[in-house]
Structure formats: C-alpha cells, structure tokens
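What follows is calculated from the coordinates using simple rules that are stated; it is not laboratory data. The structure presented is a predicted model; accordingly, all values stated were derived computationally and were not measured. Positions of Cβ are backbone-derived with ideal geometry, glycine not excepted, and every protein chain shown enters the neighbour counts.
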Amino acid sequence: MPAVSPSFARRIRRVLRALAIACRYWIVAALMVTIAAVISTASATTQSQSVDLSRQPIGSAPQDFECWRAGEPDPHHWTIVREAATDNSVSIQQSGGNRTALPSLAIYKPLWAVNAKISAQFKLIDGSMPSAGIAVRVTSPNDYYLVRVSAFEQRLSLLHVVGGTPEEIAGVDADITQNHWQSLEVVANGNSFKISLDGQWALTAFDYSKPVNGQIGMWAERDDITRFNQIEISSLAYASNQDDVRGRREEQDNGGVDD
C-alpha cells in the first residue's frame, strides 16, 4: 500500500471537517423549519367551539342562535329535537312553512371570524327540494357565503349570497341521501373555500372578493325538515396564500373557467 503524504492527509482532514460543519448546519436548519411548521400549525387555530345541544330543552328554540328568513326574524321554525325516545342524540331542526317561503338561516351568535373551519352533520328528512348548508362570513341575514348540498339536485355548491340573491361560484356532483346522516365541512381561508363531504375532499373553490369578518350559520331550504348536530367551529388566526396561488394557477390553466 503506497504511503500517504502529510500534505494530502491534511487536505483530507480539512475536507472532512468542512463536511461535518456543513452537515451540522443542514441538521440545524431542518430542525428550525420543522419547529416553525409545528408552531405555525398549532397557532393557526386560535378559538375552537363545539356547539353543545345536549343540555338544551327539547322543543325550545336553539340557544345562542338567531333565526332568520327573508331578512326577518324567524324564531318559530327552528327547534331542539331528539332523534328518538331512546336516543340521547340531540339536534337542531328546521321545519319549513310552505313551498313559497324563502330559505331559513340559524346564525350562531357567539363567534365572528374571517377565516374559519366549520363542520356539522346534517340529515334531510322531508321537503320539496331537500337541501342543507353551512353559511360563513355572514354579515347580515341576506349576505353570506353558502356551502350547500342538495338531494334534489345531487350537487354540492359554493354560493355567494348578496342582498338575498345567490350566485354559484363553483359546484360538483355529489351523493346526497335523504333520511341519512352525512357530514359537511368547510375551511374558509383567505380567498379559498375547501369543502369536504363525509370526510372526503369534494371541492376547493375561490372567490377574490376581499375576505370580511362574519358569523357562522346553519342553512335550510324553504319548506324542508332538516336536522343539524355535532357542530364544530374553529376560527383561524391567519390565511395561508398557498391555496390562493394554486387556485390562480388552476384558473390560468383552465382558461378561467370553473369546472
């Protein structure tokens, strides 16, 4: 085996020291990125609330909710009900008046948020157009964003309601079943609305109006009998722009046309 010169050995040692220092820097940098991501995720949710229906009197109007129809107070069509005499499950039920009535909205009073994650279970029992929805950024009973599911249309949609007039932003076909509990979730974050149905992602839609602070509500079609329970609301501290950027790229790729 040939002898290694002292100068070559010194060069090897310098290279090894440089590699060791570089590895330490990379490890420290990776740890800092991981810690920052964990802290960011933990701080994204600043306030989380479960709407407790279990202690509310059966047959009464739901506490902490304001009920509206066509911009007018409507406290008589929303009540607390029990699924069955032997069941401990308690729900909010909307029992519509007639087919000419306008949709009804139960607004949760305690929380205002620009960015929020809301989930609920819903059950469509009866009605001429069985539908249910979650309203976000509610600034008045006639102005809000609505995530709507319809058994009549077999469709899930994001709508912007302005002055009581809804306009669909985006929608997809969906399997909506009557007399069956299903789950609906929406994450309103900046300009993006990520929607899941029965625990599966269904639609991400975008609206580039300025996000506004508003309340949360449960929505039901005019003459429907619709139930909601397991309502969870989490306000988000900030809006990530990653979905917004991705949405702009998708719109450019699609020529600005929604699916």
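Here are some notes:
- Mean separation of Cα contacts under 8 Å (6+ apart) over length of the range 91-242, as relative contact order %: 40
- The range 151-192, relative contact order in percent, only Cα pairs under 8 angstrom and at least six apart counted: 36
- Mean separation of Cα contacts under 8 Å, 6 or more apart, over the residue count of the range 102-166: relative contact order %: 23
- Listed by chain and number, the lysines whose C-alpha is less than 21 Å from the C-alpha of LYS210, apart from same-chain residues fewer than 8 away, are LYS117, LYS194.
- Taking a ≥ b ≥ c as the square roots of the eigenvalues of the alpha carbon gyration tensor, the range 51-253 is prolate, as a/c is not under 1.5 and a/b beats b/c.
- Fewest-first sequence of ILE125, ILE169 by Cβ atoms within 10 Å of each Cβ: ILE125, ILE169
- Net +/- balance of residues flanking HIS160 in space, Cβ distance below 10 Å, scoring K and R +1, D and E -1: -3
- Scattering curve values for the range 104-214, log₁₀ I(q)/I(0), Debye with Cα scatterers, q = 0.12, 0.14, 0.19, 0.20 Å⁻¹: -0.38, -0.52, -0.98, -1.09
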